[in-house]
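What follows is one structure encoded as structure tokens, with my remarks underneath.
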Amino acid sequence: GPKVLGELPKPNHIAVSEIVEATKGKDAVVIDTRNRTEFMSGHLYGSILAMMNKTFNTIAGSYVTDEQDIYLIIDESKVDEAVVDLIRIGLDNIKGFATPADLIDSGVELESTETVNFDQVDELLQKGGYTLLDVRKKTEFDEGHGEGALNIAHTRLLDRMEEVPANQPVIVHCKSGARASAASSLLERKGHTVFYVDDLVEPWLERTNRMVQA
């Protein structure tokens, strides 16, 4: 209940430039809680996308480790909720936060992620030289998937990162784009060039005759 919060350290509201300095070359991570479209259009280098919804704990718990210093990009009204969630999953090194407005107004250079749909994916795959990464669960993957796709469930990606080829861009998809958006942020943080698929997979699988017939 709310009683817990009284004992929680409230992270300081700090400048975006301070966050950039604090995360440079150190074992620190920025968790960006905005929606995926805002994140893809501009985010701090190396940040992890964990939207403030029911998946927040899953993504933070899968992609952030307990020894990392954590900085948040978050609406001020959501800070307490995020801190409680993070502490509950054992992530308590929360050092500071800045708001989405701070980020946009900061003048700090932001990274963007190429966002594509499945028609564009077909074009890329025809060219060749791309890894198609399906971050759905194995049970979903087994019901139908793109030809030659690598399957790593999004929650396992940090542990299995070495399976993703380092020498070519990665096209990342899931069922609707939500899990793939978080996975894309982790892949970029680890140095991969990413094409994020913000599109529904099932129509594409049907169109390409990849659905397994029951």
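So how much slack lies between Asp159 and Glu38, counting 0.36 nm per residue of separation and subtracting their Cα-Cα distance, in nm?
Values: separation 121, 0.36 × 121 = 43.56 nm, distance 2.70 nm.
Roughly 40.9 nm would be gained on extension.
If you take the beta carbon distance between Asp105 and Asp66 as r and set R0 to 22 Å, what does 1/(1 + (r/R0)^6) give as a FRET efficiency, to the nearest 0.05?
For R0 = 22 Å, the calculated efficiency reads 0.10.
With just the Cα atoms defining each centre, how far is the range 78-103 from the range 27-72? Give it in Å.
10
Kindly provide the helix-only [θ] at 222 nm of the chain, computed as the sum of -39,500 (n - 2.57) over DSSP H runs of four or more divided by all residues, to the nearest 500 deg cm²/dmol? List each step's numbers first, then the result.
On the way: 10 runs with 76 residues, N = 214.
Calculated mean residue ellipticity at 222 nm is -9500 deg cm²/dmol.
Percent of accessible area on the chain owned by carbon and sulfur, 1.4 Å probe?
Working: 5040 of 10810 Å².
Carbon and sulfur: 47 percent of the exposed surface of the chain.
Can you tell me the length gained on complete extension of the stretch Ser176 to Ala28, counting 0.36 nm per residue apart and subtracting the Cα distance?
Values: separation 148, 0.36 × 148 = 53.28 nm, distance 2.95 nm.
Difference between extended and current length: 50.3 nm.
Hey, rough spin-label estimate for Asn117 and Asp80, points 7 angstrom out along Cα→Cβ, what's it come to in nanometres?
Between Asn117 and Asp80, the label points sit 4.2 nm apart.
Leaving out ligands and nucleic acids, and using a 1.4 Å probe, what accessible area per residue does the chain come to in Å²? Mind showing how you got there, number by number?
Details: 10810 Å² over 214 residues.
Per-residue accessible area for the chain comes out at 51 Å².
Using unit Cβ charges (K, R positive; D, E negative) and no other charged atoms, how large, in debye to the nearest 20, is the dipole of the range 14-62 about its Cα centre?
180
Pop out the ³J(HN,Hα) list for the range 109-124 in order, Karplus 6.51 cos²θ - 1.76 cosθ + 1.60 with θ = phi - 60°, rounded to Hz; leave Gly and Pro as x.
5, 10, 9, 10, 10, 5, 10, 10, 10, 6, 4, 5, 4, 4, 5, 4
In whole angstrom, how far apart do the alpha carbon centroids of the range 181-200 and the range 141-177 sit?
Using only Cα atoms to place each centre, the spacing works out to 10 Å.
Taking amide H positions as placed in the peptide plane 1.01 Å from N, state which residues far from Val116 in sequence (5 or more) or on other chains have amide H under 5 Å from it.
Tyr196, Val197, Asp198
Tell me which of Val108, Gly191, Ser41 sits at the most positive position along the dipole axis of the chain, charges placed on C-beta atoms (Lys, Arg +1; Asp, Glu -1).
Gly191
Give, in nm to one decimal, the length gained when the segment between Glu21 and Lys127 is fully stretched (0.36 nm per residue of separation minus the Cα-Cα distance).
Extra length from Glu21 to Lys127 when fully extended: 34.2 nm.
Of the DSSP beta bridges with both residues in the chain, give the percent that are antiparallel, rounding to the nearest 5.
Details: 2 of 27 bridges.
Once the DSSP bridges in the chain are tallied, antiparallel ones form about 5 percent.
So for the chain, taking the charge dipole from beta-carbon charges (+1 Lys/Arg, -1 Asp/Glu), which of Thr23, Ile152, Ile70 sits furthest toward the positive end?
Farthest towards the positive pole: Ile152.
Which FRET efficiency value, to the nearest 0.05, do you get for Ala149 and Asn57 by plugging their Cβ-Cβ distance into 1/(1 + (r/R0)^6) with R0 = 22 Å?
0.20
Please get the size of the charge dipole for the chain, origin at its Cα centre, with Cβ charges of +1 on Lys and Arg and -1 on Asp and Glu, quoted in debye to the nearest 20.
440
The values are calculated or read from the model by the stated rules, or taken from the named source; none is laboratory data. Only a predicted model underlies this, so the values are computations on that prediction, with no experimental measurement involved. Backbone-built Cβ (ideal geometry, glycine too); neighbour counts: all protein chains shown. Each accessible area value is taken on the protein alone, full model and side chains, heavy atoms only, with ligands, DNA and RNA left out. Shrake-Rupley method; radii C 1.70, N 1.55, O 1.52, S 1.80 Å.
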